[in-house]
Each structure stands twice: as C-alpha cells, then as structure tokens.
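Report on the following structure.
The values are calculated or read from the model by the stated rules, or taken from the named source; none is laboratory data. Here the structure is a predicted model, which means the values were calculated and not measured. Cβ placement follows ideal geometry from the backbone for every residue including glycine, while neighbour counts extend to all protein chains displayed.
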Amino acid sequence: MNRKKIVGSIFVCMLMCVTVSTVTGTSNIEKNPNIIPNQEPNVTNFAPWTLLAVHDIGATGETGLNGNAGAEFDGTYHYSTRWASNLIHQYDNAGNLLDEFSIPGVTGLRDLAWDGQYMYGGAAAGQVFKMDFANKQLVDTFSGAFQSRAIAYNHDTDEFYVSNWGDPVWVLDNTGAIVNQFNLVTTTSTYGLAYDPDPNGPYLWVFDQTTGATSTIYQWDLTAGAFTGTTYDVNADVGSGIGIAGGLWLSPDYQQGLMCIGGCVQDSSAPGVTDYLFVYELYTTNSPPEIPTIDGPTIGIAGVEIEYTLETTDPEDEDVYYYVEWGDGDNTGWIGPYASGEEVTVGHTWTSPDDYEIRAKAKDINDAESDWSDVIVLTIVVTDPPSVPDISGTEQGKPGESYSYYFTSTDPDGDDVSYFIDWGDGSVPDWTPYRTSGALLKENHEFSEQGNFTIKAKAKDIYNAESDWGELEVTMPRNRVVNRPFLQFLENHPNMFPLLQRLIQRLGLQ
Ligand SMILES: [Ca+2]
Ligand SMILES: [Ca+2]
Ligand SMILES: [Ca+2]
C-alpha cells in the first residue's frame, strides 16, 4: 500500500500550500503549551493505512478560517468544531460545507463523540455537553472532576473516555459519573480520542501533539492497559506536514465493509496553511445479516406441523444460516447455508395447547450474527377438524352454462369453517372466507369444456384443522352447434360418405 497516495487536486493544493508556507507566527492554532520538551516518541507507521479522503476546511477551504479542531462523523455527515468560538460546521461526504451553526449554551467545543443519537463534547473543562445536532439543542451537561478536550464513546459499554493534554483518561458512565481512570504516560498532548471495537482489542485510538510527532495517532489496548506500538503519522499524508492533532473519530459507516478512522489536522501554524479533515481505511469489517423476518400462523393445533418462512440479506451478500427458537424448548440449531435473500421454510410441531414465543436470528458464513427477530406468539389449541364437506348440485349439464353447487361442513367445536374448492377443470382452487359451521355455501360454476369432472372440497376450522376431501362427480355431455343441413344431407345419402358418417356417429354429433 502506498500511504502517500493522495487524491487528485487535493494533492496539488497541498503541494502549493507547502511551497508558499513559511513558519512565521501563529494565529489560532491550539497547541499544547505543556509539551514535555525532550520527549521524542518513537513513531512507526504501518501499512496498510489507505488515505480515502482529505478535505480542506480551513483558511483556504470550506469555512474560510482556521482554528477548526474537533471532528466527528455520524454515519452521514462530517462535523468540525472551531475551538475559540461557538461554531460547528457540517459537511457532506465530499467535504462540501452544508451548514454552520451554534447550540445555545455551548461554546469552545474541542473533540466530539457520537453515540448514534447524540453528539458529545467539552470545552477542555469539567463538562461534557450532550447535544442534539439535528435540532441544534443542548440536551444535558455532565459535570465532574475531569477535563474533556478529547472524547470517545464506547458503544459496547455505554461509557465515555475523556482526557485533556497529559491528564489521565477518565472513564465516564452515561450520566457523566467517573467510573475509572488510567494514564497514557508516554503521550502528553492528547487532543482526540476514538473507540475501536476491533475483536483483537478493544482499542482506544489517541490523536496526540507530543513534540516530534505532532499529528500522530496511537493505538492503546484497553484490556492490556498499554500502547500496542502501532502508530500513524498523519503529517506524512495530510497537509503541509507540520500540522497538529485535532479531533478523532472511528466509524464502520463511512464505507460499507470498512472500519475507517478520521479526524481533523489543525494546520494553522503558518500563514497560508489550512485545516484538514482526513479519512483512512483502518481495516475491513464484516457486517452481520439483517435481522431476519419470520412469517407464519399465530394459531394452530397440537400435533400438526406448522410452517414459517424466514428471510434476510447479508450486506456483503454472503450465504446465511438461520436459528429458530420454537418457544417450547426446541430449536432448529443453525440451519443452512442459504443464499442471502432466499426465502426459507421451516416447520415445527407443538404437542400441547399453550402460547409459544417464536423468534429467529441469522448469521453469515463468517459467524457475524444478527440480533433476534420480533417474536411471533403462537397459540396452540386442541380441536377437532370440521366434517368432510357434503357437495350437491347439477350432476349433468352443458358446458358453458352456470350451475349452482352447495357445500356444507360442520365443525364439532362450532368453529367457523373455510372451504377449499377444486372444480377439477383446471381452474385455480383457493380457500373461501370463513363462515358459520354448518351453513350452506352456494357457489356458481361454469364448465367451459365438455367432459366428466370431479368437484372436490375440504374444510378447515379457524385453527387450520382440516377435514378429508368430499367429492361430487359431474358430467357435461354436449352442447354443440352443428351444421344441421349438412347432417341431414348425410342422413339422406347414407351410402355416399360411409366413413365420414361413421365418424360423425362416433363423435356423438348425430
Ligand atoms: Ca472523538
Ligand atoms: Ca456479512
Ligand atoms: Ca374445530
């Protein structure tokens, strides 16, 4: 991987920035004033960090001003905060500025964190603001004996990590109460934090300004409580090469199948240079299948198999397995694999009357598992099926004429009944609406062809208990319009066309 691969015109722009920059004076850079002077961390870049995007959001870019520091991505939009103001900026995925706004009661935001609904951040002080960016409202403020410049949200534990320069990393619960803290020790200028649920971790990524590596991302192993040695120098790819760390985020939603890490490089240490948002591919992810749908009856009878259909899709289109709990202590185990999107039918038989909760989940061939589906409550009853339908009506008729037929079935439990009528002539059979047990059902039917037909009907009650088939044989002998004068001619000349006459007799036309 070529980590120096930079995209199109941005590369040209950055080259220009480098050539025009001279390191004189600062404007609104927020550099850690407490950097340990002689600390030179050993920075080792590792492949493959592929740079996916760089967006100029500073003096020469979208906002037109430097001082942009915090950063976050909510799955749809990028955000940056301007630390010495109350300004928040929203961008699309192409880095275009969409909105500039403020939230009443909030100023001086640095790094941000996103919990899937709310945005969190602090002003390098003992508060974390819980904000609704969509409605531009302050929802809550957590206060405590911590300092929140850098912030990350751990969605696995519903906790926050906050820190400020070389302070400890404080672990806050979802009310802002401190539940733990630890020291990063070797880095002393933390500006951005991001949580990484990597199964090999979990990790906390630290974006730090420590001297000699002023824009470097470090990987901290939360289980081991130590840096892993994995680092990345963003200055190698982004901006003038003299930028300093800002906010940091991590998201599986920037690009399907990828865990991406992004942030803001504050690059305002020299006139003419600017601030950047950046995004790197961190590693590939595998998403679980969608929560499966399960469809089928909510009522049934003991001892008769009931069928349900399952369906899901996998974001990577991988084959999937299903697991169904039947609510009676039985389950299907993992069944499959099936193609993503293929409808699968499974059946089960319950032995005793009760209510049963049925639910299903799915996993892909790489063991990424969905959550459980909604529950179907199945009521199992004991009931007898309706009687075999009695069928009556015209047994001899003509094709093309409509005749009435009558069906009756009685359910011993008095349950309503539905009839499944097969006319035997190739027309598509179907269940009728439910009607009172024993009530006469009248259906009109027309046989379009000549012949003998078997009308068949079965009945079911509201619990799907089915009767055997009832039958009625009918015959539709003839109804032909024929050329009478021609027949009469043949009759009058019996010896003229003997073969033809015999044939006509055979066909029953005469
Ligand atoms: Ca963050
Ligand atoms: Ca998958
Ligand atoms: Ca019944």
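What to note about this one:
- For region 388-426, filtered to residues that are within 15 Å of Lys456 (Cβ to Cβ), in a loop (DSSP other than H, G, I, E, B) and in contact (Cβ under 8 Å) with a residue 12 or more places away in the chain, the residue that is farthest from ligand 1 (Cβ to nearest atom) is Glu395.
- The set of residues in region 67-84 that are among the small types (Gly, Ala, Ser), under 30 Å from the mean Cα position of the chain (by Cα) and more than 12 Å from ligand 1 (Cβ to nearest atom) contains only Gly75.
- Against the criterion of being away from ligand 1 (no atom under 16 Å from the Cβ) and surrounded by fewer than 13 Cβ atoms within 10 Å (Cβ to Cβ), Trp431 qualifies.
- Residue tally, condition part of a strand (DSSP E or B) and among the hydroxyl-bearing types (Ser, Thr, Tyr), over region 361-376: 0
- Test for Asp253: is it modelled with pLDDT of 95 or more and touching a strand residue (DSSP E or B) at 6+ places or on another chain (Cβ under 9 Å): no
- Residue in region 92-113 that is of a type in the set (Val, Ile, Thr), more than 16 Å from ligand 1 (Cβ to nearest atom) and under 28 Å from the mean Cα position of the chain (by Cα) present: no
- Test: Asn174 is touching a strand residue (DSSP E or B) at 6+ places or on another chain (Cβ under 9 Å), among the polar types (S, T, N, Q), away from ligand 3 (no atom under 16 Å from the Cβ) and within 27 Å of Thr285 (Cβ to Cβ): yes
- Of all residues making up region 148-159, the number that are within 28 Å of the chain's Cα centre (by Cα) and near ligand 1 (Cβ under 10 Å from one of its atoms): 3
- Where strands (runs of 3 or more DSSP E) sit wholly within region 101-201, those with at least 1 residues that are surrounded by 20 or more Cβ atoms within 10 Å (Cβ to Cβ) occupy 112-114, 119-121, 125-132, 137-148, 150-154, 159-163, 169-172, 190-196.
- Condition check for Ile294: over 30 Å from Thr190 (Cβ atoms) and either aromatic (Phe, Trp, Tyr) or within 16 Å of ligand 3 (Cβ to nearest atom) (or both): no
- Where Glu357 falls short, out of the listed (1) within 16 Å of ligand 2 (Cβ to nearest atom); (2) assigned to a strand (DSSP E or B): (1)
- Set side by side, the residues Leu378, Leu310 differ, and just one is under 30 Å from Gln255 (Cβ atoms) and either buried (at least 19 other Cβ atoms within 10 Å of the Cβ) or within 16 Å of ligand 1 (Cβ to nearest atom) (or both), which is Leu310.
- Exactly one residue out of Asp374, Asp390, Asp355, Asp364 is away from ligand 3 (no atom under 16 Å from the Cβ), at pLDDT below 95, in contact with a strand residue (DSSP E or B) (Cβ under 9 Å, 6 or more places away or on another chain) and not small (Gly, Ala, Ser), and it is Asp364.
- Restricting attention to region 397-412, the residues that are modelled with pLDDT of 95 or more and touching a Ser or Thr at 6+ places or on another chain (Cβ under 8 Å) total 8.
- Total residues in region 427-443 satisfying the condition of being assigned to a loop (DSSP other than H, G, I, E, B) and at pLDDT 95 or above: the figure is 8.
- Ala457 being more than 16 Å from ligand 3 (Cβ to nearest atom) and either loosely packed, with under 13 Cβ neighbours inside 10 Å or within 30 Å of Thr285 (Cα to Cα) (or both): no
- Output for region 424-444, where each listed residue is of a type outside the set (Gly, Ala, Ser) and either outside the structural domain of Thr454 (by TED's automatic domain parsing) or closer than 14 Å to Ile391 by Cα (or both): Leu440, Leu441, Lys442, Glu443, Asn444
- For region 347-375, a residue qualifies if it is surrounded by 12 or more Cβ atoms within 10 Å (Cβ to Cβ) and of a type in the set (D, E, K, R), and the qualifying residues are Asp354, Glu357, Arg359, Lys361, Lys363, Asp364, Glu369.
- Residue match in region 81-92 (condition: away from ligand 3 (no atom under 16 Å from the Cβ), free of Cβ contacts under 8 Å to residues at least 12 places away in the same chain and acidic (Asp, Glu)): no
- Answer from Gly61, Gly122, Gly95 - the residue that is touching a residue at least 40 places away in the same chain (Cβ under 8 Å), away from ligand 3 (no atom under 16 Å from the Cβ) and over 22 Å from Phe207 (Cα atoms): Gly61
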